[in-house]
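Down below is the structure, laid out as structure tokens.
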Amino acid sequence: MSHEQHTELAKCVRCGACKAMCPTYFFTSDETMGARGRIAMLGALTENELAPTKRLSDRIFSCILCEACSGVCPVGINIPESIYQGRARLKDHYARGRLIRKTLNFSLSRMDTVFSVLRGLQKIIYPPLRKAGSLRYMPEITSKPFKDRAQVYKGAGKLGRVAIFSGCSVNYFYPHLGDALVRILLTRGYEVVVLKGEVCCGAPLRAVGF
């Protein structure tokens with residue numbers, strides 16, 4: 001971690017405001033599975049009071065990156081960014097992370113193919129998982145990604161031009177949200193551009209420590 005990140009972590013006063021917002025702490029009641037505990041452990045890591053072990057990595061990677069803790073820290077620690085920085089340092093000690101990174105490296109340049117295959121598999125995989133109670137909810141993968149609508153929507157165009165970066169979720173799971181956004185912007189008087197050739201923003205890779 002950088003000197004700036006070390007200084008950032010050292011600001012923590014252990015007040016617990018972030019812990020109160022943390023869903024993984026809510027479900028486990030384990031201090032090391034909450035936002036405050038993770039910040040404390042990362043601080044100890046920078047001070048060489050903790051070693052970069054698999055156990056520590058499991059705790060830092062258990063954060064679901066919901067950012068519910070974002071903005072609640074009274075001393076202004078950027079908790080989500082601290083988690084990202086910690087994962088970058090610990091990624092080689094997280095076994096599942098290595099498999100995920102290899103899978104992502106292969107998949108990110110082949111997103112259409114990957115989601116097409118997954119769409120075929122979802123009818124086979126989802127039902128037994130739901131029946132077993134292992135899958136509460138998983139959105140269906142669409143057969144018509146939002147980016148297939150790539151074009152310039154003229155509309156009135158009086159207020160300016162807006163380009164939409166839809167991301168993988170809207171592209172493959174929630175294209176109706178992209179359609180709704182286009183309609184709203186057109187109604188408000190904007191020209192709308194749905195980008196052609198959009199690629200992954202890299203968020204999945206950053207989440208696993210890249």
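Odds and ends about this structure:
- In segment 16-32, the residues that are within 17 Å of residue 60 (Cβ to Cβ), over 18 Å from the mean Cα position of the chain (by Cα) and not aromatic (Phe, Trp, Tyr): 18, 19, 28, 30, 31, 32
- Segment 166-210, subset acidic (Asp, Glu) and not in a strand (DSSP E or B), residue nearest to the chain's Cα centre (by Cα): 198
The rows are residues; the columns are (1) under 30 Å from residue 90 (Cα atoms); (2) surrounded by fewer than 18 Cβ atoms within 10 Å (Cβ to Cβ); (3) in contact (Cβ under 8 Å) with a residue 40 or more places away in the chain.
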| site | (1), (2), (3) |
| --- | --- |
| 169 | yes, yes, no |
| 177 | no, yes, no |
| 182 | no, no, no |
| 185 | no, no, no |
| 188 | no, yes, no |
| 194 | no, no, yes |
| 199 | yes, yes, yes |
| 210 | yes, yes, yes |
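- The listed residues are 67, 49, and the only one of them that is touching a helix residue (DSSP H, G or I) at 6+ places or on another chain (Cβ under 8 Å), assigned to a loop (DSSP other than H, G, I, E, B) and among the acidic types (Asp, Glu) turns out to be 67.
- Scan of segment 161-209 for residues that are closer than 25 Å to residue 118 by Cα and acidic (Asp, Glu), ordered by number: 179, 198
- Residues (touching a Phe, Trp or Tyr at 6+ places or on another chain (Cβ under 7 Å) and either at pLDDT below 85 or outside any helix (DSSP H, G or I) (or both)) located in segment 70-100: 94, 97
- Residue that is farther than 13 Å from residue 79 by Cβ and out of contact with any Lys or Arg (no Cβ under 7 Å at 6 or more places or on another chain), where the choices are 8, 49: 49
- Criterion (closer than 30 Å to residue 116 by Cβ and basic (Lys, Arg)) met by exactly one of 147, 158: 147
- Cβ-Cβ under 6 Å pairs, at least 6 apart or on other chains, segment 138-165 side free of Cβ contacts under 8 Å to residues at least 60 places away in the same chain and in a loop (DSSP other than H, G, I, E, B), far side basic (Lys, Arg) and exposed (fewer than 12 other Cβ atoms within 10 Å of the Cβ): 150/196
The values are calculated or read from the model by the stated rules, or taken from the named source; none is laboratory data. Treat the numbers as computed from the prediction; the structure is a model and nothing was measured. Don't worry about glycine lacking a Cβ; one is built from the backbone with ideal geometry, like all the others, and counts go over all protein chains shown.
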